[in-house]
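Coordinate-derived values only; no laboratory data. These figures come from a predicted structure and were not determined experimentally. Note: ideal-geometry Cβ built from the backbone for every residue, glycine included; neighbour counts use all protein chains shown.
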Amino acid sequence: MGEMALELNGVRARYGSVEVLHEVDLSLRRGSVLAVLGSNGAGKSTLLKVTAGLHPIASGSIRLDGRNVVGWSPDRLARRGVCLIPEGRGVFPHLTVRENLWMATHLGVTRKDAEAMAFERFARLGDRPNQLAGTLSGGEQQMLALARAVITKPSVLMVDELSMGLAPRLADSLYESVRQIAADGVSVLLVEQFARTVLGMADRAAIMVSGRVVIQGTPADVEAHLSSAYLGG
């Protein structure tokens with residue numbers, strides 16, 4: 001828990017001439033959960049994209065296990081254990097649950113082992129292995145996205161808006177699964193708009209406003225500043 005799995009220092013990013021991340025500093029300890037909170041347009045998704053190598057940074061550094069990975073391609077970062085679950089779940093809707101899991105076996109896990117890993121953690125998926133992913137409920141699709149990520153044995157798992165469109169009870173269940181994934185040694189970076197959904201299971205938290213990190217600390221520290229941060233105070 002004492003070592004940093006991921007560190008962002010002074011990260012700036014732009015879309016054209018418009019700067020959208022302004023000297024962002026964040027750190028994620030190994031085996032912990034960091035929740036990054038903020039309203040729409042705060043820069044949360046861009047933060048994940050630059051960390052996953054999907055968008056270039058204008059300046060600053062990104063360190064993975066102490067190594068500067070600025071300029072690395074998404075596939076190179078993926079091979080080093082960086083896994084991103086994008087907003088909208090990202091499952092293949094016209095493939096079955098089983099076939100979706102097979103898509104995550106490119107790093108050498110057998111199809112049999114992939115299914116065993118997924119169904120042990122998410123028993124509901126094991127009840128419908130031949131169902132088309134697009135016909136699953138929103139929560140089940142998120143389960144499938146998490147299961148597929150776990151199969152790749154990531155070192156850093158990033159999740160964009162896990163609770164979007166889900167009932168609070170189901171969101172809580174999914175976040176309990178995320179907590180268990182972190183307990184297995186995976187470092188987890190979550191971004192969320194609905195703050196109190198995630199603060200109860202995070203080790204650390206940060207709030208982003210207009211592309212800046214305005215506060216970070218323990219969930220209790222951050223929760224005390226939620227209203228003023230979201231309202232622009």
key: Backbone HN-Hα couplings from phi across region 219-225 [Karplus 6.51/-1.76/1.60, Hz, Gly and Pro as x]   = x, 5, 4, 5, 4, 5, 10
query = Taking a label point 7 Å from the Cα of Glu87 along the Cα→Cβ vector, which residues of region 44-68 have an amide N closer than 13 Å to it?
reply = 44-49
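Rank these for me by crowding, Leu47, Leu77, going from fewest to most other beta carbons within 10 Å.
Numbers: Leu47 28, Leu77 20.
So the ranking, lowest neighbour count to highest, is Leu77, Leu47.
Arrange Met208, Met164 by Cβ neighbour counts within 10 Å, fewest through most, would you?
Working: Met208 26, Met164 15.
The order, fewest Cβ neighbours first, is Met164, Met208.
Specify whether the C-alpha gyration tensor of region 31-109 places it in the rounded, prolate or oblate class, a ≥ b ≥ c being the square roots of the eigenvalues: rounded for a/c under 1.5, otherwise prolate if a/b is larger than b/c and oblate if not.
Oblate shape, in that a/c is at least 1.5 and b/c is the bigger or equal ratio.
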request  = On a C-alpha basis, how far is the centre of region 67-132 from the centre of region 11-36 in Å? Whole number, if you could?
outcome  = 25
message = Modelling each spin label as a point 7 Å along the Cα-to-Cβ direction, I'd like the Asp127/Ser210 distance in nm, to one decimal.
response = 4.9
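So, counting K/R as plus one and D/E as minus one, what does the shell of residues with Cβ under 15 Å around Gly217 add up to? Could the numbers behind the result be given before it?
On the way: positive: Arg29, Arg204; negative: Asp25, Asp203, Asp221, Glu223.
My count for the surroundings of Gly217 gives -2.
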message = With the crude spin-label approximation of a point 7 Å out along Cα→Cβ, what separation in nm comes out for Asp25 versus Arg196?
response = 3.1
request  = Would you mind calculating the gained length between Asn9 and Arg179 on full extension (0.36 nm times residue separation, minus the Cα-Cα distance), in nm to one decimal?
outcome  = 58.6 nm
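Between Ser227 and Ala167, what is 0.36 nm times their sequence separation minus the Cα-Cα distance? Round to one decimal in nm.
Working: separation 60, 0.36 × 60 = 21.60 nm, distance 2.26 nm.
Extending this stretch completely gives an extra 19.3 nm.
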key: Cβ-derived FRET efficiency at R0 25 Å, Thr218 paired with Glu120, nearest 0.05   = 0.20
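Fewest to most neighbouring Cβ within 10 Å: what's the order for Met201, Met143?
Details: Met201 17, Met143 25.
Fewest-to-most ranking of Met201, Met143: Met201, Met143.
For Cα pairs less than 8 Å apart in space and 6+ apart in sequence, what is the mean separation divided by the residue count of the chain, i.e. the relative contact order in percent? Could the numbers behind the result be given before it?
Working: 470 pairs, mean separation 64.0, N = 233.
After rounding, I find 27 percent.
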ask   = Between Asn40 and His94, what is the label-to-label distance in nm when each label sits 7 Å out along the Cα-to-Cβ direction?
value = 3.0
